[in-house]
Amino acid sequence: MHTERIPVFPGDPNLKSYEEARATFRWEDVEREFSWHTTGKVNIAYEAIDRNVLEKGLGEKVALYYSDPARQEAVTYRQMMEQSNRFANVLRKHGIGKGERVFIFMPRSPELYWSFLGIIKVGGIAGPLFEAFMEGAVRDRLADAEAVAIVTTPALRKRIPKDLPHLKHIFMVGIPEGGLGEGELDWHAEMAEASPETDIEWGDREDPMLLLYTSGSTGKPKGVLHVHNGMIQHYQTGKWILDLRPDDIYWCTADPGWVTGISYGVWAPYLNGVTSVVRGGRFRPDDWYKTIQDYQVNVWYSAPTAFRMLMGAGDDIVKQFDLSCLRHVLSVGEPLNPEVVRWGLKVFDRRIHDNWWMTETGGQIISNYPCMEIKPGSMGKPFPGIHAAIIDDKGNELPPLQMGNLAVKAPWPSMMRRIWKNPAKYNEYFKIEGWYLSGDSAYMDEEGYFWFQGRIDDVINTSGERVGPFEVESKLVEHPAVAEAGVIGKPDPLRGEIIKAFIALREGYLWTEDLKTEIIDFVKKGLAAHAAPREIEVRDKLPKTRSGKIMRRVLKAWELGLPTGDLSTMED
Ligand code: WTA
């Protein structure tokens with residue numbers, strides 16, 4: 001079984017021996033590398049940005065290369081520090097401070113990162129939102145978090161609800177046509193008036209700093225809360241998994257609206273003092289390769305769907321670029337096909353290092369390391385200092401090759417600390433004493449490599465984005481033509497899964513192509529483009545339990561042509 005291996009590449013990685021690290025590693029030793037070890041007070045934004053300027057002499061080093069088709073900019077660590085100080089002062093001027101939730105809803109830009117860091121400098125809790133969210137999705141999140149302010153752009157303004165009682169300030173990056181409305185503030189004017197120096201709000205390691213909404217299989221998206229202490233893990237995984245070295249140019253392709261774009265798009269690179277590349281605009285294979293070539297990217301962190309799209313664009317296009325600068329390539333978010341790993345080896349002459357983690361884990365948990373052989377298709381081994389295992393439903397660790405729950409011994413430094421206003425949901429993850437239950441199933445082989453098998457619940461992973469079927473179903477039944485809806489993930493060679501909806505129509509509606517388009521658009525406009533079904537199938541009736549719950553497992557069996565299993569709970 002799994003005889004294919006890709007040997008270690010020549011080079012001198014930060015982590016020399018996985019086994020030795022597992023035997024000797026202690027998080028306490030990592031803590032000593034932070035200045036707060038002496039003061040007892042902490043702010044992750046200081047450690048990531050200001051400390052590089054004030055204590056390490058990196059003020060003139062480029063922290064951020066920003067690039068989109070209309071704008072290219074190099075921002076030094078000193079500028080990152082001063083701009084985020086300014087935004088911290090702007091927030092304070094409006095009475096926004098410790099513990100308050102400030103959201104960010106805008107396309108990637110330097111302003112986004114300055115605002116984000118400014119929120120954290122005043123001790124606030126930042127809530128980054130993916131720019132594709134539509135009004136319904138934005139409303140749910142802002143309302144649940146009782147956000148007091150949001151940073152946005154004129155183009156996205158109409159998706160921000162005006163009737164939320166807690167939302168007092170809308171910082172507009174750019175002036176809308178017709179001028180600013182009520183509660184709207186000119187981000188640029190405010191920044192220009194603000195001082196580039198600020199008093200950072202020092203706090204405790206366990207103070208919250210980040211709220212990220214993510215989907216489960218039931219209910220609305222839940223707010224996963226992270227604290228400053230996560231930095232220990234962001235820093236150390238940045239060193240050993242991203243293999244960051246002082247002169248590296250690093251590119252994480254994830255949007256800061258998702259956890260990867262924060263933990264590994266902001267914290268890991270800046271805590272390690274490297275230069276980070278952020279690319280705005282749409283995905284295009286030639287632009288991506290050009291970005292690597294132009295910025296001489298050494299370390300590149302992306303996702304399986306992106307790699308599959310690049311693979312689909314063909315090998316010839318790769319040859320038009322000089323990508324010899326690439327030293328280390330990584331992937332996260334969904335299963336990485338062995339075929340893609342082989343392709344990466346062929347066209348980049350590099351190994352693609354898969355790793356596994358989740359919004360809730362805050363940082364990488366299982367990974368392939370440069371010092372370790374890769375078995376294509378495996379996610380690798382647990383990070384030294386973290387115990388991940390395959391357990392049964394009682395919490396017993398299973399022997400190799402047995403499939404079970406992928407679980408992590410709690411706690412670890414970057415673990416979520418709460419589900420916002422929902423302790424019951426939080427406790428569900430920890431219902432087996434001592435363990436965090438990921439909801440994924442996997443097995444471990446005899447050599448300790450972990451192999452992903454699937455989700456245990458109905459959560460859909462489309463192009464690496466988690467979509468809760470319940471949210472999509474709820475939106476579908478808001479459409480006047482839809483009586484019932486059940487949503488599943490359908491296997492797809494490019495996107496991993498696509499969203500497929502089964503619906504029953506209301507009396508008097510006729511199924512047409514136009515109606516289908518209308519319903520898909522309805523979900524796109526109400527939730528987000530990535531949450532809209534790509535396929536809809538109409539049935540007279542959907543399979544339901546006697547208590548009225550749609551049986552998604554039956555829908556899935558229909559789709560895959562598999563036996564439907566036990567139907568004893570199904571209504572007549
Ligand atoms: C899936 C993204 C297979 C998994 C950082 C997990 C993966 C969910 C992998 C978390 C991988 C993540 N192989 N599946 N290497 N990495 N997943 O919260 O189902 O957006 O539970 O975090 O993505 O998605 P999330």
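Each value in this text was obtained by applying a stated rule to the coordinates, not by laboratory testing. Just so we're clear, the structure is a prediction, and the values are computed from it rather than from any experiment. Using ideal geometry, Cβ is built from the backbone for each residue, glycine included, and neighbour counts are taken over all protein chains shown.
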Taking the chain and counting helices only, DSSP H stretches of n ≥ 4 at -39,500 (n - 2.57) each over all residues, the nearest-500 ellipticity at 222 nm comes to -7500 deg cm²/dmol
Efficiency of FRET from Cβ geometry, Lys56 and Glu518, R₀ 56 Å, rounded to 0.05
0.50
10 Å-binned pair-distance histogram of segment 459-560 (Cα, whole percent)
16, 52, 30, 3
Mind jotting down a quarter of the surface of the convex hull over the alpha carbons of segment 449-505, in square nanometres, one decimal?
4.6 nm²
Hey, if you put +1 on the Cβ of every Lys and Arg and -1 on every Asp and Glu Cβ in the chain, which of Leu54, Tyr289, Ala481 ends up farthest toward the positive end of that dipole?
Ala481
Which lysines have a Cα lying under 29 Å from the Cα of Lys158, excluding residues fewer than 8 positions away in the same chain?
Lys93, Lys98, Lys121, Lys168, Lys220, Lys222, Lys421, Lys475, Lys500, Lys516, Lys524, Lys525
Cβ under 12 Å from Trp451's Cβ, Trp451 left aside: what net charge do those residues give with Lys, Arg +1 and Asp, Glu -1?
-3
Of all GluC sites (Glu not before Pro) in segment 516-572, the ones in DSSP coil with at most 13 other Cβ atoms within 10 Å are Glu571
Using the alpha-carbon centroid of each, what span in Å lies between segment 1-58 and segment 526-560?
45 Å
Counting only other residues whose beta carbon sits under 10 Å from that of Lys500, what net charge do I get with K and R as +1, D and E as -1?
-2
Could you work out how much longer the chain between Ala529 and Trp202 gets when fully extended? Use 0.36 nm per residue separation minus the Cα distance between them, nm to one decimal.
113.8 nm
Check cross-link reach from Lys346 to the aspartates and glutamates: straight Cα distance under 14 Å, and skip same-chain residues fewer than eight apart.
Asp315, Asp316
Beyond 42 Å, what share of the Cα-Cα pairs of the chain remains, rounded to the nearest whole percent?
20 percent
Please go through segment 468-572 and write out the trypsin sites (Lys or Arg not before Pro) that DSSP classes as loop and that have at most 15 other C-beta atoms within 10 Å.
Arg506, Arg534, Arg539, Lys541, Arg546, Lys549
Using only Cα atoms, what Kirkwood radius does segment 511-572 have, in angstroms?
13.5 Å
I want the antiparallel fraction of DSSP beta bridges within segment 18-443, as a percent rounded to 5.
45 percent
How charged is the neighbourhood of His188? Take every other residue with its Cβ under 14 Å from the Cβ of His188, and add Lys/Arg as +1 and Asp/Glu as -1.
-4
Counting other C-beta atoms within 10 Å, and keeping those with at most 10, which DSSP coil trypsin sites (Lys or Arg not before Pro) do you find in segment 83-188?
none
Take the Cβ-Cβ distance between Thr218 and Thr545 as r, set R0 to 22 Å, and report the resulting FRET efficiency rounded to the nearest 0.05.
0.95
Using just the Cα positions, wrap segment 46-114 in a convex hull and report its mean projected area in square nanometres, one decimal place.
5.4 nm²
Using only Cα atoms, locate the centre of segment 361-378 and the centre of segment 99-154, then give the distance between them in Å, rounded to an integer.
31 Å
If you take the alpha carbon radius of gyration of segment 332-458 and divide it by 2.2 N^0.38 Å, what ratio comes out, to two decimals?
1.09
Give, in nm to one decimal, the length gained when the segment between Gln320 and Arg26 is fully stretched (0.36 nm per residue of separation minus the Cα-Cα distance).
101.3 nm
Assign unit charges at the C-beta atoms only (+1 for Lys and Arg, -1 for Asp and Glu), then state the dipole size of the chain relative to its Cα centre in Debye, rounded to the nearest 20.
320 debye
Relative contact order [Cα under 8 Å, 6+ residues apart], the chain, whole percent:
13 percent
What nm value, rounded to one decimal, do you get for the distance between Asp457 and Lys409 when each label is placed 7 Å out toward the C-beta?
2.6 nm
First check a/c for segment 286-392, with a ≥ b ≥ c the square roots of the eigenvalues of its C-alpha gyration tensor; if it is under 1.5, answer rounded, and if not, answer prolate when a/b is larger than b/c or oblate otherwise.
prolate
Length gained when the stretch Glu146-Ala483 is fully extended (0.36 nm per residue, less Cα-Cα span):
118.1 nm
Which value in nm describes the separation of the simple spin-label points at Leu510 and Glu428, placed 7 Å from the Cα toward the beta carbon?
4.2 nm
